[in-house]
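Beneath this line is the structure, given in C-alpha coordinates, with notes to follow.
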Amino acid sequence: MNIAVFPGSFDPVTLGHMDLIGRAAKIFDHVYVCAMVNSGKHPMFTKEQRFAMLRAAVEELPNVTAELWTGLLADYAKAKDAHYLIKGVRNGTDFDTELGMAQINRALEPTLDTVLLPARTEYLHVSSTMVREMVTYQRPLEPYVPAAAIQIMKGW
Ligand code: PNS
(Lines give C-alpha, C1' and ligand atoms only; values in the text may rest on other atoms or scores of the structure.)
Protein backbone atom coordinates (compact mmCIF):
# COMPACT_ATOMS: atom_id res chain seq x y z
CA MET A 1 0.00 0.00 0.00
CA ASN A 2 1.36 3.39 -1.01
CA ILE A 3 0.86 5.81 1.86
CA ALA A 4 1.60 9.54 1.74
CA VAL A 5 1.59 12.40 4.21
CA PHE A 6 0.44 15.89 3.26
CA PRO A 7 1.76 18.11 6.08
CA GLY A 8 1.23 21.79 6.72
CA SER A 9 0.34 24.53 9.15
CA PHE A 10 -3.18 24.81 7.66
CA ASP A 11 -3.68 28.22 9.29
CA PRO A 12 -6.35 27.81 7.95
CA VAL A 13 -6.85 25.10 5.30
CA THR A 14 -7.59 26.65 1.87
CA LEU A 15 -9.19 25.54 -1.39
CA GLY A 16 -5.64 25.39 -2.77
CA HIS A 17 -4.76 22.79 -0.13
CA MET A 18 -7.99 20.91 -0.92
CA ASP A 19 -7.13 20.71 -4.61
CA LEU A 20 -3.70 19.26 -3.75
CA ILE A 21 -5.17 16.81 -1.20
CA GLY A 22 -7.75 15.60 -3.74
CA ARG A 23 -5.05 15.08 -6.37
CA ALA A 24 -2.79 13.26 -3.89
CA ALA A 25 -5.70 11.02 -2.88
CA LYS A 26 -5.97 9.89 -6.52
CA ILE A 27 -2.27 9.01 -6.71
CA PHE A 28 -1.85 7.26 -3.33
CA ASP A 29 -3.84 4.52 -1.58
CA HIS A 30 -4.07 6.56 1.60
CA VAL A 31 -3.17 10.14 2.46
CA TYR A 32 -2.66 11.45 6.00
CA VAL A 33 -3.17 15.20 6.10
CA CYS A 34 -1.46 16.46 9.19
CA ALA A 35 -1.75 19.79 10.97
CA MET A 36 1.73 20.53 12.33
CA VAL A 37 3.78 23.18 14.05
CA ASN A 38 5.98 25.44 11.91
CA SER A 39 8.38 26.93 14.44
CA GLY A 40 9.02 29.88 12.08
CA LYS A 41 5.37 30.99 12.12
CA HIS A 42 3.03 32.53 14.70
CA PRO A 43 -0.35 31.05 13.79
CA MET A 44 -3.66 32.91 13.97
CA PHE A 45 -5.51 29.70 14.96
CA THR A 46 -4.47 27.27 17.70
CA LYS A 47 -3.24 23.86 16.61
CA GLU A 48 -6.52 22.34 17.82
CA GLN A 49 -8.51 24.84 15.73
CA ARG A 50 -6.34 24.25 12.65
CA PHE A 51 -6.85 20.51 13.06
CA ALA A 52 -10.63 20.85 13.58
CA MET A 53 -10.99 22.85 10.34
CA LEU A 54 -8.79 20.42 8.43
CA ARG A 55 -10.68 17.37 9.72
CA ALA A 56 -14.03 18.87 8.72
CA ALA A 57 -12.69 19.78 5.27
CA VAL A 58 -11.51 16.24 4.40
CA GLU A 59 -14.36 14.34 6.07
CA GLU A 60 -15.93 13.30 2.76
CA LEU A 61 -12.71 11.94 1.24
CA PRO A 62 -12.67 8.17 1.88
CA ASN A 63 -8.91 7.54 1.72
CA VAL A 64 -7.85 10.70 3.57
CA THR A 65 -7.35 10.97 7.34
CA ALA A 66 -6.67 14.22 9.21
CA GLU A 67 -4.43 14.23 12.25
CA LEU A 68 -2.58 16.64 14.53
CA TRP A 69 1.13 16.13 15.29
CA THR A 70 3.48 18.37 17.22
CA GLY A 71 6.70 16.43 16.66
CA LEU A 72 9.01 15.94 13.69
CA LEU A 73 7.39 15.27 10.34
CA ALA A 74 9.88 12.47 9.57
CA ASP A 75 8.90 10.65 12.79
CA TYR A 76 5.20 11.02 11.94
CA ALA A 77 5.74 9.59 8.45
CA LYS A 78 7.66 6.65 9.88
CA ALA A 79 4.91 5.95 12.42
CA LYS A 80 2.39 5.86 9.57
CA ASP A 81 4.61 3.68 7.37
CA ALA A 82 4.50 6.46 4.76
CA HIS A 83 7.37 6.78 2.31
CA TYR A 84 6.14 9.93 0.55
CA LEU A 85 5.55 13.52 1.60
CA ILE A 86 3.32 15.64 -0.62
CA LYS A 87 3.94 19.37 -0.90
CA GLY A 88 2.36 21.99 -3.17
CA VAL A 89 4.40 24.57 -5.05
CA ARG A 90 3.01 27.86 -6.38
CA ASN A 91 6.23 29.61 -7.36
CA GLY A 92 10.01 29.59 -7.17
CA THR A 93 10.03 30.66 -3.54
CA ASP A 94 7.87 27.67 -2.57
CA PHE A 95 10.15 25.43 -4.63
CA ASP A 96 13.33 26.65 -2.89
CA THR A 97 11.72 26.19 0.54
CA GLU A 98 10.42 22.73 -0.27
CA LEU A 99 13.71 21.61 -1.80
CA GLY A 100 15.48 22.46 1.47
CA MET A 101 12.84 20.72 3.58
CA ALA A 102 12.96 17.64 1.32
CA GLN A 103 16.72 17.33 1.95
CA ILE A 104 16.24 17.66 5.71
CA ASN A 105 13.43 15.13 5.84
CA ARG A 106 15.37 12.66 3.74
CA ALA A 107 18.41 13.07 5.98
CA LEU A 108 16.19 12.37 9.02
CA GLU A 109 14.48 9.39 7.39
CA PRO A 110 16.32 8.01 4.31
CA THR A 111 13.31 6.05 3.01
CA LEU A 112 11.25 9.27 2.82
CA ASP A 113 10.86 11.01 -0.53
CA THR A 114 9.06 14.29 -1.29
CA VAL A 115 6.62 14.66 -4.18
CA LEU A 116 6.01 18.25 -5.33
CA LEU A 117 2.67 18.99 -6.98
CA PRO A 118 2.33 22.24 -8.95
CA ALA A 119 -0.60 24.41 -7.85
CA ARG A 120 -3.37 24.78 -10.39
CA THR A 121 -3.59 28.21 -12.02
CA GLU A 122 -6.82 29.15 -10.23
CA TYR A 123 -5.18 28.63 -6.83
CA LEU A 124 -1.84 30.34 -7.49
CA HIS A 125 -2.94 33.44 -5.57
CA VAL A 126 -4.59 31.58 -2.68
CA SER A 127 -2.61 31.33 0.54
CA SER A 128 -3.37 30.92 4.24
CA THR A 129 -1.66 34.31 4.76
CA MET A 130 -4.17 35.98 2.44
CA VAL A 131 -7.09 34.17 4.10
CA ARG A 132 -5.96 35.43 7.52
CA GLU A 133 -6.13 38.98 6.14
CA MET A 134 -9.72 38.29 5.00
CA VAL A 135 -10.54 36.98 8.49
CA THR A 136 -8.98 40.05 10.13
CA TYR A 137 -10.89 42.46 7.88
CA GLN A 138 -14.08 40.37 7.97
CA ARG A 139 -14.31 39.77 4.22
CA PRO A 140 -16.01 36.72 2.60
CA LEU A 141 -13.99 33.52 2.90
CA GLU A 142 -16.05 31.38 0.52
CA PRO A 143 -13.77 31.90 -2.52
CA TYR A 144 -10.74 30.64 -0.59
CA VAL A 145 -11.76 28.31 2.26
CA PRO A 146 -13.70 24.99 2.16
CA ALA A 147 -17.32 25.41 3.31
CA ALA A 148 -16.95 22.82 6.09
CA ALA A 149 -14.02 24.76 7.58
CA ILE A 150 -15.99 28.05 7.41
CA GLN A 151 -18.83 26.37 9.32
CA ILE A 152 -16.42 25.31 12.06
CA MET A 153 -14.94 28.83 12.22
CA LYS A 154 -18.42 30.37 12.60
CA GLY A 155 -18.91 28.30 15.78
CA TRP A 156 -16.04 30.08 17.57
O1 PNS B 1 2.27 25.01 5.79
P2 PNS B 1 3.71 25.18 6.16
O3 PNS B 1 3.88 26.16 7.31
O4 PNS B 1 4.58 25.54 4.99
O5 PNS B 1 4.20 23.73 6.68
C6 PNS B 1 5.52 23.56 7.18
C7 PNS B 1 5.59 22.29 8.02
C8 PNS B 1 4.59 22.36 9.17
C9 PNS B 1 5.28 21.08 7.15
C10 PNS B 1 7.05 22.19 8.59
O11 PNS B 1 7.34 23.31 9.37
C12 PNS B 1 7.26 20.91 9.39
O13 PNS B 1 7.50 19.86 8.82
N14 PNS B 1 7.12 21.02 10.73
C15 PNS B 1 7.26 19.87 11.62
C16 PNS B 1 8.64 19.86 12.30
C17 PNS B 1 9.69 19.25 11.39
O18 PNS B 1 9.62 18.10 11.02
N19 PNS B 1 10.71 20.05 11.02
C20 PNS B 1 11.79 19.58 10.17
C21 PNS B 1 11.45 19.64 8.69
S22 PNS B 1 11.67 21.24 8.03
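Points worth noting:
- Count of the stretch 86-100 residues which are assigned to a loop (DSSP other than H, G, I, E, B) and open to solvent by 80 Å² or more (accessible area, probe 1.4 Å): 1
- Total residues in the stretch 120-130 satisfying the condition of being assigned to a helix (DSSP H, G or I), open to solvent by 60 Å² or more (accessible area, probe 1.4 Å) and more than 15 Å from HIS42 (Cα to Cα): the figure is 2.
- The criterion of being charged (D, E, K, R), out of contact with any helix residue (DSSP H, G or I) (no Cβ under 7 Å at 6 or more places or on another chain), within 14 Å of the ligand (Cβ to nearest atom) and outside any loop (DSSP other than H, G, I, E, B) does not hold for GLU48.
- Single condition VAL37 does not satisfy, out of (1) of a type in the set (A, V, I, L, M); (2) within 11 Å of the ligand (Cβ to nearest atom); (3) open to solvent by less than 20 Å² (accessible area, probe 1.4 Å): (3)
- Meets criteria (away from the ligand (no atom under 14 Å from the Cβ), without any contact (Cβ under 8 Å) to a residue 24 or more places away in the chain, within 18 Å of PRO146 (Cα to Cα) and in a loop (DSSP other than H, G, I, E, B)) for PRO110: no
One line per residue, one yes/no per condition, for (1) surrounded by 14 or more Cβ atoms within 10 Å (Cβ to Cβ); (2) touching a residue at least 24 places away in the same chain (Cβ under 8 Å); (3) outside any loop (DSSP other than H, G, I, E, B):
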position	(1), (2), (3)
PRO62	no, no, no
ALA77	yes, yes, yes
ALA102	yes, no, yes
LEU116	yes, yes, yes
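- Condition check for PHE10: on the phi > 0 side of the Ramachandran plot, within 11 Å of the chain's Cα centre (by Cα) and not aliphatic (A, V, I, L, M): yes
- The residues of the stretch 131-150 that are open to solvent by 60 Å² or more (accessible area, probe 1.4 Å), within 15 Å of ASP19 (Cβ to Cβ) and not in a loop (DSSP other than H, G, I, E, B) amount to a single one, ALA147.
- Residue in the stretch 68-79 that is over 14 Å from the mean Cα position of the chain (by Cα) and more than 14 Å from the ligand (Cβ to nearest atom) present: no
- With respect to the conditions (1) outside any helix (DSSP H, G or I); (2) away from the ligand (no atom under 11 Å from the Cβ), GLY22 lacks only one, and its number is (1).
- Of all residues in the stretch 1-34 being touching a His at 6+ places or on another chain (Cβ under 7 Å) and modelled with pLDDT of 95 or more, the one that is least open to solvent (accessible area, probe 1.4 Å): PHE10
- Of the listed requirements (1) within 11 Å of the ligand (Cβ to nearest atom); (2) over 16 Å from the mean Cα position of the chain (by Cα); (3) surrounded by fewer than 17 Cβ atoms within 10 Å (Cβ to Cβ), HIS83 misses just one: (1).
The values are calculated or read from the model by the stated rules, or taken from the named source; none is laboratory data. Note that the structure is predicted; figures quoted are calculated from it, not measured. All Cβ positions, even for glycine, are placed from backbone atoms using ideal geometry, and neighbour counts span all protein chains on display. Heads up: the accessible areas ignore ligands, DNA and RNA and are worked out on the full protein's heavy atoms, side chains in. Shrake-Rupley method; radii C 1.70, N 1.55, O 1.52, S 1.80 Å.
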